[in-house]
Structures are given as structure tokens and as C-alpha cells.
Amino acid sequence: MAISKDKKNTLVAELTALLSDSKMVVYAKYQGLTVKELQELRKAAREAGVKIKVVKNRLVKVAMKEIAAYKDTETSGLTGQLLYALGTDEDFDAAKVLTKFAKTHGKMELVGGFNAEGAALSTDEVKTLGSLPTKNELIAQVVDTLLSGVNGIVSGLEKHAEEKATA
């Protein structure tokens, strides 16, 4: 069923606002996924602060033309039935959500993405960004590394104290 011009204008305005606020947009083919699987994806995305949109590629291209950062972005990959993940909180949330979901659902195929500056991202780049640890995970790894030396010293001192006490 055709969409009215007013509805299209509303969708383009909504997409323009979402794209403007997004730090990253990732798109993927979703043919073959069940409604239940798509609901599962939407739930995971919601928990990560990512919005999932299924709209016509033509409307996305129109919305992109209205944003300075996306005006010159390569859009040749926007073909077929695609869903769009738009992350507004962290830089790689959209890539993380779709990469994780694609690992467990073989019918989803990552196609590409765009960063906030409008640069097009290949499938491999999206997968790489999606597999990076989060900011909090990186901080925890650094803290753990810094504390490992201190823990070693404390452990050695405790062992030395025990030896002195038993001697």
C-alpha cells in the first residue's frame, strides 16, 4: 500500500532528526528473520539505547541530503530490504547491537554504516567496531592491569608475614 505524501514528509523529518542525533548508523539485511527475532533485536537495541528503523531506502537518502554531514555520503549500498540501527549514546552501540545479533542469527547480514561525520563504513569496519570492548570494559581492563602489580606486592607481603609467624 502506498504511503501518502504527508506521511512520507513526517517520516523524512523524523529520520532527519534521528540521523542528526546519531553517532553511528548501521544497516543490515534482515530477510528471513521472524517477527519474534525482530522483537528480540528491538529489545536488545532498546536496552543499549539504539533505535531500530525499517523504512524505505529512498526516504533515508532524502533525509541524508538534508543533513550537512551526510550530503556527500556514498549511498550505493542502500539497496534491498534494510533495517537501520541508530545509536545516539555511545559511538559504537549500533554496531555492537547488530554485530552481536548477527552472530547468533545467521539470516541477518550486516551491510555497512555511517559515522557521525558522514563517512561510509564497510561491513568489515562495522564488524570490527562492533567487536571492540565498551568504554567501561576498557577502563576496567586498565584498572585491573594497574592493580595487578599492587596485588602481587600485597600477596608477597602476606606470604612473608605468614612465614615469619610460623618460624
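The values are calculated or read from the model by the stated rules, or taken from the named source; none is laboratory data. Since the structure is predicted, the reported quantities are computational estimates derived from the model, not experimental observations. In this analysis, Cβ positions are derived from the backbone assuming ideal geometry, glycine residues included, and neighbour counts consider all displayed protein chains.
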**Message:** Filter the stretch 98-135 down to the residues that are assigned to a loop (DSSP other than H, G, I, E, B) and of a type outside the set (A, V, I, L, M) and list them by number.
**Reply:** His105, Gly106, Lys107, Glu117, Gly118, Ser122, Pro133, Thr134
**Request:** Could you check His160 against (1) more than 16 Å from the chain's Cα centre (by Cα); (2) under 29 Å from Glu14 (Cα atoms) and say which number it fails?
**Result:** (2)
**Fill in**
Taking the stretch 138-167 and keeping residues exposed (fewer than 10 other Cβ atoms within 10 Å of the Cβ) and acidic (Asp, Glu) leaves Glu163
**Request:** Being over 15 Å from Leu86 (Cβ atoms) and touching a helix residue (DSSP H, G or I) at 6+ places or on another chain (Cβ under 7 Å) is the filter here, so list the residues in the stretch 118-132 that pass it.
**Result:** Lys127, Ser131
**Item:** Qualifying positions in the stretch 99-149 - β-branched (Val, Ile, Thr) and at pLDDT 85 or above
**Value:** Thr99, Thr104, Val111, Thr123, Val126, Thr128, Ile139, Val142, Val143
**Prompt:** From the set of residues in the stretch 78-98 that are closer than 18 Å to Asn136 by Cβ and buried (at least 20 other Cβ atoms within 10 Å of the Cβ), which is modelled with the lowest pLDDT?
**Reply:** Phe92
**Asked** Within the stretch 14-35, restricting attention to residues that are more than 14 Å from Gly118 (Cβ to Cβ) and among the small types (Gly, Ala, Ser), which residue is modelled with the highest pLDDT?
**Response** Ala28
**Residues of the stretch 1-54 satisfying the condition of being aliphatic (A, V, I, L, M) and either loosely packed, with under 15 Cβ neighbours inside 10 Å or outside the structural domain of Gly118 (by TED's automatic domain parsing) (or both)** = Met1, Ala2, Ile3, Ala13, Ala17, Val35, Val54
**Request:** Given the conditions (1) touching a Gly at 6+ places or on another chain (Cβ under 6 Å); (2) more than 23 Å from Asp21 (Cα to Cα), report the number of the one that Ser148 does not fulfil.
**Result:** (1)
